[in-house]
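To start, the structure itself, in structure tokens.
The values are calculated or read from the model by the stated rules, or taken from the named source; none is laboratory data. Everything numeric here is computed off the predicted structure, so don't read it as measured data. For neighbour counting, all protein chains shown are included, and Cβ atoms are generated from backbone atoms with ideal geometry for every residue, glycine included. To get the accessible areas, we keep the full protein, side chains included, count just its heavy atoms, and leave off ligands, DNA and RNA. Shrake-Rupley method; radii C 1.70, N 1.55, O 1.52, S 1.80 Å.
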Amino acid sequence: MGPSVLTRSFPRVDGRVLCGEVPLEDLADQFGTPLFVYDLAWIRGRVAAFDDAFAGADPLVAYSVKANGNLTLLRELEAVGCGADITSGGELFRARSAEIDPSKIVFAGVGKSEDEIAYALDERIYAFNVESRSELERIERVASERGETARFGIRVNPNVLATTPHKYTATGHSDTKFGVPWEETRALYRWALDRPALSPIGIDVHIGSQIVDPDPYVRALDRVLTVVADLRTEGVPLEYLDIGGGFGISYGHGPALDIVALASEIVPRVVDAGLRLVLEPGRSLVGEAGVFLTRVQYVKVGGPKTFVIVDGGMSELIRPSHYGGYHAIEPAGPIDGRQAIVVDVVGPVCETGDFLALDRSIPEPREGELLAVHTSGAYGFSMASNYNGRLRPAEVLVDGADVRVVRRRETYQDLIRGEV
Ligand code: LLP
């Protein structure tokens, strides 16, 4: 792993790393560590960038709630016009609690239960993105029992393998559980055409996450558009094409996906097909807007290794240990000309796999020092757990000089809530 690199979203000014106008050290002093901090201005800027880039295709930006489902964050995204891509009844509840317009909600996921389908019908979401024939049959049954019509699109598995940093985050090829094989989708739409409880209004594809090359999107889209063309001739009245999410960001090294270049390929094709575009960005709206703050507890030299033991780990940010994810790490305060040394930054959890960085070169850390773990706004808190009896951290939202705690730190009582 390479050296620590500063991401642009959190500049270092006069030696101290800031979020908005606020030094991260002040936030840690005030709210404790470990702590997630999000920069609202950055998130708004990202939404505007998507709106602008895809403006030609009447885009619905359906934020992928799984990336970070914090209620206040969802409210802020709603305020700038976002809808939601949800994957469970729980995420529907979050999205509706944040007053996201149900006509801007799409529901993906391979395992939708009857209860979740009924809940989504109650809420009158825009559409189900359907992942199998059995699921479509279930939706048809639930909707017809209620005398309703369910709007849906089929999630096509285009059998396109996109390069992603880890095999767990590629979803567009035929040996993953996602979507309906593209050759089988026409038959499924045809089946639905005769059912009054089903209304086919769209088509969907999502090929993976943290993709930095436009090419696999274009290949997947072209495959989907062949299906669209056939459906048109058969009188299936589609209105949306959902290209999914997965738009790659820079984790402090390596390129990000150029969304303007992507849009220049996608928009004309979708407009030609007479469809409105749905996008499901998650990470690309919130990832770089977040930093994870953790304090050095101990510096332990063991054999050939120097371990920097911090107060946050895999229970708060599982990406390094689960996907080998890279997050830039640096002191949040002054570096003062310190030499860089190579260390493992590890957490307090009793697992060898509990680390935030391995063999990482950072300015020689001191006990008590605050470290900023960058690009932690997506799949940080949302994947956090109470493993090892850990309390999930507080979350703080910064807007310029304005600071709000948007989730309080858990307490020991929270750990046993609901247990008997
Ligand atoms: N739409 C669908 C159907 C998805 O499954 C996902 C992510 C997204 C949109 C949003 O993808 P994004 O724009 O955030 O890349 N925990 C992993 C990522 C898992 C992504 C799961 N699906 C990570 O930390 O890298």
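A Cβ distance below 6 Å, combined with a sequence gap of six or more or placement on separate chains, defines the contacts here; from segment 71-93, residues that are closer than 11 Å to Arg44 by Cα reach residues that are among the aromatic types (Phe, Trp, Tyr) in the pairs Leu77/Tyr63; Cys82/Tyr63.
Can you tell me which of Ala127, Ala84 is buried (at least 23 other Cβ atoms within 10 Å of the Cβ) and within 12 Å of the ligand (Cβ to nearest atom)? Walk me through how you get there before you give the answer.
Values: Ala127 fails: within 12 Å of the ligand (Cβ to nearest atom).
Going through Ala127, Ala84 in turn, the sole match is Ala84.
When you look at Leu27, is it open to solvent by less than 10 Å² (accessible area, probe 1.4 Å), more than 25 Å from Gly208 (Cβ to Cβ) and modelled with pLDDT of 95 or more, yes or no?
Working: open to solvent by less than 10 Å² (accessible area, probe 1.4 Å): yes; more than 25 Å from Gly208 (Cβ to Cβ): yes; modelled with pLDDT of 95 or more: yes.
Against the criterion (open to solvent by less than 10 Å² (accessible area, probe 1.4 Å), more than 25 Å from Gly208 (Cβ to Cβ) and modelled with pLDDT of 95 or more), Leu27 qualifies.
Looking only at segment 304-314, decide whether some residue is within 16 Å of the ligand (Cβ to nearest atom) and open to solvent by 20 Å² or more (accessible area, probe 1.4 Å). Yes, segment 304-314 contains at least one residue that is within 16 Å of the ligand (Cβ to nearest atom) and open to solvent by 20 Å² or more (accessible area, probe 1.4 Å).
Restricting attention to segment 113-137, which residues are charged (D, E, K, R) and over 14 Å from Ile154 (Cα atoms)? Full working, then the answer.
Within segment 113-137, the subset charged (D, E, K, R) is 114-116, 122-124, 131, 133, 135, 137.
Those that are charged (D, E, K, R) and over 14 Å from Ile154 (Cα atoms): Glu114, Asp115, Glu116, Asp122, Glu123, Arg124.
Within segment 245-268, the set of residues being crowded, with 24+ Cβ neighbours inside 10 Å, within 24 Å of Ala357 (Cα to Cα) and touching a His at 6+ places or on another chain (Cβ under 7 Å) comprises just one member, Gly246.
As a summary of the residue check, Thr33 satisfies the conditions (1) assigned to a helix (DSSP H, G or I); (2) not assigned by TED's automatic domain parsing to the domain that holds Ile201 except for the one numbered (1). Give me a count of the residues in segment 292-314 that are out of contact with any Leu (no Cβ under 9 Å at 6 or more places or on another chain) and of a type in the set (Ser, Thr, Tyr). Residues in segment 292-314 being out of contact with any Leu (no Cβ under 9 Å at 6 or more places or on another chain) and of a type in the set (Ser, Thr, Tyr): 2 in total.
The criterion of at least 3 residues that are of a type outside the set (Phe, Trp, Tyr) and open to solvent by 20 Å² or more (accessible area, probe 1.4 Å) is met by the following strands (runs of 3 or more DSSP E) wholly inside segment 329-409: 340-346, 355-363, 402-407. Annotation for segment 62-81: no member residue is open to solvent by less than 30 Å² (accessible area, probe 1.4 Å), farther than 25 Å from Ile318 by Cβ and assigned by TED's automatic domain parsing to the domain that holds Pro237.
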